[in-house]
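Encoded as structure tokens, the structure appears first; notes follow it.
The values are calculated or read from the model by the stated rules, or taken from the named source; none is laboratory data. Quick caveat, the model's predicted, so the values are computed rather than measured. Counting neighbours? That spans all protein chains shown, and the Cβs are built from the backbone with ideal geometry, glycine included.
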Amino acid sequence: MNTSMTATNNAPGTDADVVLSAQGVEVVYRDVLLGLRGVSLEVKRGSIVAVLGSNGSGKTTLLRALTGLLDVHRGKVTKGSMQFEGQPLERRDPASIVRAGMAQVMEGRRIFPALTVDENLRTGAYTVRSKAQIRENYDRVLSLFPVLVDRRTSTAGYLSGGEQQMVAIGRALMSSPTLLLLDEPSLGLAPLIVEQIAGIVREVNAQGTSVVLVEQNATMALSLADHGYVLENGRVVKDGPGAELLADKDIQEFYLGVGDAGRKSFRDVKTYRRRKRWSS
Amino acid sequence: MTRFIEFALAGLAQGFVYALVALGFVIIYKATEVINFAQGGLLTLGVYLVYNFTSGQSVPFPLAVVMSMIVTAGVALLFERLVLRRMLGNPVFAQVMVTIGLLFILQNLVIAIWGAEPLNLGDPWGISTISIGEVIIEVRDLWTAALAIGVLVVFFLFFRFSKLGLAMRATAVDQEAALAQGMSSRQVYMAAWGIAGATAAIAGVGVAAGATGVSPSVEFVALLAFPAIILGGIDSPLGAVIGGLIIGVTQSLTAGYQNELFPWLWAGFDDVMPFIVMVLVLLVRPYGLFGTPEIKRV
Ligand SMILES: Nc1ncnc2c1ncn2[C@@H]1O[C@H](COP(=O)(O)OP(=O)(O)O)[C@@H](O)[C@H]1O
Ligand SMILES: [Mg+2]
């Protein structure tokens, strides 16, 4: 935590201890479909923020809005504002956002299956100019993921799901981001691997990177998070410190009550009424 | 046997030309999913530019080739930047139609400037031959093959080791994920068109230095490169090269032997043979020899 920073050089109303903030962000897809209905959130420097919510609640859309990837999906930010490191994020292209220090691990990993592990990692350093810096980041990634050392020349598509997720996280770290966004990194992975991924997120954070962790696996996410937000239907319906949310009755019933069976059974359980209660 | 080897070697030389043209198609297809029908037009432009620079001996031949590559690449790049860029998001079909428009423009431009009469590149590589044992090889074919191999090697090194090459490969696999790494699709599209233009110019030289000479009909080589890309796999650069070589050799052997083996075939059947081979390959491998079965992302 960096508390000694002064706010003199920042635009009015911003705080140097806040890496990322969003106010009332609304997203519309294809000019008609509402993806987000006014989401506000804040990421304190050095913290882990969890974003929870069931399928279709707008988690991925939020990350797309932040990283400039809405264009590809014919989506637009129609209301609200977003700032990263005190600078506005609207209308910036993905490259400039990566260069500014925000990297993301996309939903479904989205590694380049036809490329080798080594090449996948190098794509993550695309915006880095200094060779020495790339070398340093590369070594750091391999020390975080020792299993990848022997896999460097393997075609990434042939790796196991867990290893592919490591490649995806490693790739994001290759730009030495100050803020790392992860979109459901535990998706489709065995519990043991999920634990491993959680450990890595904690370690990356301990090394100084702020984290936004989008998850449906609430236990995992909240056990790591300093602060959590719950999205529903494109809105934040609840937020609070991670420990508080973890102890929250509603959340326990909604997310944790179904046991550790994971995402699949969670999706199957119809908790519609309870969700309604939150949104109202 | 001697004749067979001679035909095969001549076919290989011609095949390398097809490989270059096919590569131009593949690289644009991989980057943008557009089949660029203007490739033949770019090739023609490249040839006439070389003719233009060398006629009157004002510029030495190798330099003229390089200059032509640069100008042709520039034209292709401008076309991408000024026309296709504005059509992004439109159906791929519409973009393909626009490339046909470019083909017509280039054809007419070339004829308007240089006329439709056949011209001569001035035998840059002479018509001498060398013989290895019984086998006689045309020096011209050696040059064509060497030039094409040189370009192919540069091309593959670029793709494997350069940053832009990496971006091009990544974008071809997953455009959004490439964007998320800070890669620029626009840069990739422009590079693809630029490279396709440059290889078209080189391929054109390979054609025009041969029997065809400099005439607007050099663009038909591009049509014969179609079986090469389809048979190699439209998204595979390696497939383009192998496909090109197969087509070249097939054509040369057909032309060489059809009179004695199949005297009832009409002249010019060697231009049909590549398409027959293509169909046969597609029956067995619908995505070509090296193509990947369609994996569409939503
Ligand atoms: N590419 C898209 N085009 C149109 N609507 C979309 C698109 N992506 C997501 N949406 C819609 O936006 C809403 C939020 O989706 P998403 O952000 O993917 O949710 P989550 O990541 O929480 O599962 C959903 O209603 C979804 O149907
Ligand atoms: Mg999602």
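Overview of results
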{"quantity": "Any hit, the range A:71-94, residues being crowded, with 24+ Cβ neighbours inside 10 Å, among the small types (G, A, S) and touching a residue at least 40 places away in the same chain (Cβ under 8 Å)", "calculated": "no"}
{"quantity": "Qualifying residues in the range B:272-283 (those that are farther than 15 Å from B:G244 by Cβ and assigned to a helix (DSSP H, G or I)) - the one modelled with the lowest pLDDT", "calculated": "B:L282"}
{"quantity": "Residue that is of a type in the set (D, E, K, R) and over 25 Å from B:A180 (Cα atoms), where the choices are A:E184, A:E232, A:E163", "calculated": "A:E232"}
{"quantity": "The range B:36-70: number of residues that are in contact (Cβ under 8 Å) with a residue 24 or more places away in the chain, in a helix (DSSP H, G or I) and not polar (S, T, N, Q)", "calculated": "15"}
{"quantity": "Meets criteria (modelled with pLDDT under 75 and more than 16 Å from ligand 2 (Cβ to nearest atom)) for A:R267", "calculated": "no"}
{"quantity": "Looking only at the range A:151-169, and only at residues there that are under 10 Å from A:V117 (Cα atoms) and within 14 Å of chain B (Cβ to nearest Cβ), the one that is farthest from the chain's Cα centre (by Cα)", "calculated": "A:T153"}
{"quantity": "Scan of the range A:80-108 for residues that are among the basic types (K, R) and modelled with pLDDT under 95, ordered by number", "calculated": "A:R91, A:R92"}
{"quantity": "3 or more residues within 14 Å of another protein chain (Cβ to nearest Cβ): qualifying helices (runs of 4 or more DSSP H) within the range B:122-239", "calculated": "B:139-161, B:163-173, B:175-180, B:185-208"}
{"quantity": "Candidate set: the range A:41-74, residues that are under 21 Å from A:A100 (Cβ atoms) and in a strand (DSSP E or B); chosen: the one farthest from ligand 2 (Cβ to nearest atom)", "calculated": "A:K44"}
{"quantity": "Condition broken by B:Y257, with the remaining ones in (1) away from every other protein chain (no Cβ under 14 Å); (2) buried (at least 19 other Cβ atoms within 10 Å of the Cβ); (3) of a type in the set (S, T, Y) satisfied", "calculated": "(2)"}
{"quantity": "Matching residues in the range A:88-99 - criterion: being more than 10 Å from chain B (Cβ to nearest Cβ) and over 18 Å from A:S40 (Cβ atoms)", "calculated": "A:R91, A:R92"}
